[in-house]
Amino acid sequence: MTLDVAMEDGLKCVKIEQREEDEENNESSILIPGLPNHLAHLCLSNLHPSLLYGICKSWRRLIYTTSFPHFYCLYVVCSRSRAYNNSTNTASTSSSIIKQYTDREQNSIEFFCFDPISSKWSKLPNPPSSDPPIRILRHHPSFISRSLSIQSLTVAERMVLIAATTHKFLPAIERPLGFNPLCNEWFFGPPLAAPRRWCGSSSVNGNVYVASGMGSTYHSDVARSLEKWDVNEKAHEKWKWEKLAGLKDGKFSREFVDAIGYRGKLCMVNNKGHAAKESAVYDIAKDEWKEMPEGMLGGWNGPAAAAASTTTTINDESHDEMYVVDEIKGSLSKYVPEIDQWEELIESCDDLKGAEQISVGGGRVCAICDDGRLIVVVDVAAKPANVIGVVSTPPEMEAIALHILPRINADKLPQSRRF
């Protein structure tokens, strides 16, 4: 066979394969045979995506398009598990152990998304480089039993990292680092006048609030400060931090602070569990600090979170309902402001014991448990509330923080990762 004939036969094969592929794509783009796609789309949009996912490629592809109603996924901030770090640590001296450990941990934070429809984990794109580079430490070999806090929040359907610590025990984040799932992109917020750690941070109505904290050293002005960033401002060049009424003292700068945006207020406590706590409530409308109601503080016995009522949409940031998990009993309670008491929804659950952090949205309370290896999902829209699933975190990873956000549109994914 001559070279020309061989090339001609090769081109014929390519054309046949291309035609078959085009026919397959055309067939897979038809949603319901005999029905125009725009009408089929109206019919299918009324069904839960879990019913459509396993039927065919065209329905699966439809679920992840911008025109299909959003469903929500779990976005998780993770670090290498302590068991993994211990197993890979083979140095012979304490100084070399610390050096190898901190070198390995400098880029230890990773970000994952769990799709509840496909039940699959996927890794988010790497954050952009910055100057100076972000170096975050979760575990330090000199403090084996202690985890360094990494603080993040959900605002305007975005995930934002606010505060963390470097291996030199300095603030790791000079400006917020955020991820927007709707466009599958990272972004930076406005630089903080005083980068900090151990602060209180939360969001209300599209605004990020950061209170107290400590920089490279303790400073009373930082420890008493409260600042606001309006994320809804569309002109990013106008993003800035606005100073608000400060705290009366710096007691919240000593440790990680739990801060919850709830009904137009910022509620803060400086200690989880049953230990004695310092508390404060900031009234956003009046720009003033108040005492926390006695009942609210008394039942704040573990990780807490707030979200819109289950009768409203998930992105309504009025935060009508506040929940807390008692990390000792494994109980789940909802705060009732009218009587200043906590209503117990689940009396005790072994899966919830030792809960470290929770997130709320879409009628679900999701809790990080078992030293970050498991995520427990509770349906609080059901009567009675009940555990509906337990999800293992990605291999060799421990979860630090949870965020309930819209799924990433398939159109924004690389070709190799599209469904």
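The values are calculated or read from the model by the stated rules, or taken from the named source; none is laboratory data. Computed from a prediction, not measured in an experiment: that's the story for all the values here. Reconstructed Cβ throughout: ideal geometry from the backbone, glycine too, with neighbour counts over all protein chains shown.
Observations
- Annotation: M268 fulfils all but one of (1) surrounded by fewer than 19 Cβ atoms within 10 Å (Cβ to Cβ); (2) aliphatic (A, V, I, L, M); (3) outside any loop (DSSP other than H, G, I, E, B); the unmet one is (1).
- Set C73, C78, C56: member being more than 21 Å from S152 (Cβ to Cβ) and at pLDDT 80 or above: C56
To keep it simple, each residue is scored yes or no on (1) outside any loop (DSSP other than H, G, I, E, B); (2) of a type outside the set (A, V, I, L, M); (3) at negative phi; (4) assigned by TED's automatic domain parsing to the domain that holds V77.
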{"residue": "V324", "(1), (2), (3), (4)": "yes, no, yes, yes"}
{"residue": "K329", "(1), (2), (3), (4)": "no, yes, yes, yes"}
{"residue": "L332", "(1), (2), (3), (4)": "yes, no, yes, yes"}
{"residue": "E343", "(1), (2), (3), (4)": "yes, yes, yes, yes"}
{"residue": "D351", "(1), (2), (3), (4)": "yes, yes, yes, yes"}
{"residue": "G354", "(1), (2), (3), (4)": "no, yes, no, yes"}
{"residue": "I358", "(1), (2), (3), (4)": "yes, no, yes, yes"}
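- Selection status of W198, farther than 21 Å from V324 by Cα and touching a Phe, Trp or Tyr at 6+ places or on another chain (Cβ under 9 Å): no
- Screening I284 with (1) more than 18 Å from L161 (Cα to Cα); (2) touching a Ser or Thr at 6+ places or on another chain (Cβ under 8 Å); (3) touching a residue at least 24 places away in the same chain (Cβ under 8 Å) gives one miss only, at (2).
- Subset of region 168-189 [surrounded by fewer than 20 Cβ atoms within 10 Å (Cβ to Cβ) and of a type outside the set (A, V, I, L, M)]: K168, F169, E174, R175, N180, C183, N184, E185, W186, F187, F188
- Residue within region 224-236 that is more than 30 Å from T65 (Cα to Cα), touching a helix residue (DSSP H, G or I) at 6+ places or on another chain (Cβ under 9 Å) and either crowded, with 16+ Cβ neighbours inside 10 Å or not assigned by TED's automatic domain parsing to the domain that holds I358 (or both) present: yes
- Some residue of region 376-385 being closer than 25 Å to I162 by Cα, in contact with a Leu (Cβ under 7 Å, 6 or more places away or on another chain) and at pLDDT 95 or above: yes
- I260 passes every criterion in (1) assigned to a loop (DSSP other than H, G, I, E, B); (2) of a type in the set (A, V, I, L, M); (3) under 30 Å from S348 (Cβ atoms) apart from (1).
- Flag if I173 is under 21 Å from Y75 (Cβ atoms), assigned to a strand (DSSP E or B) and under 21 Å from the mean Cα position of the chain (by Cα): no
- Scanning region 98-146 for residues that are at pLDDT 80 or above, among the polar types (S, T, N, Q) and on the phi < 0 side of the Ramachandran plot turns up S118, S122, N126, S129.
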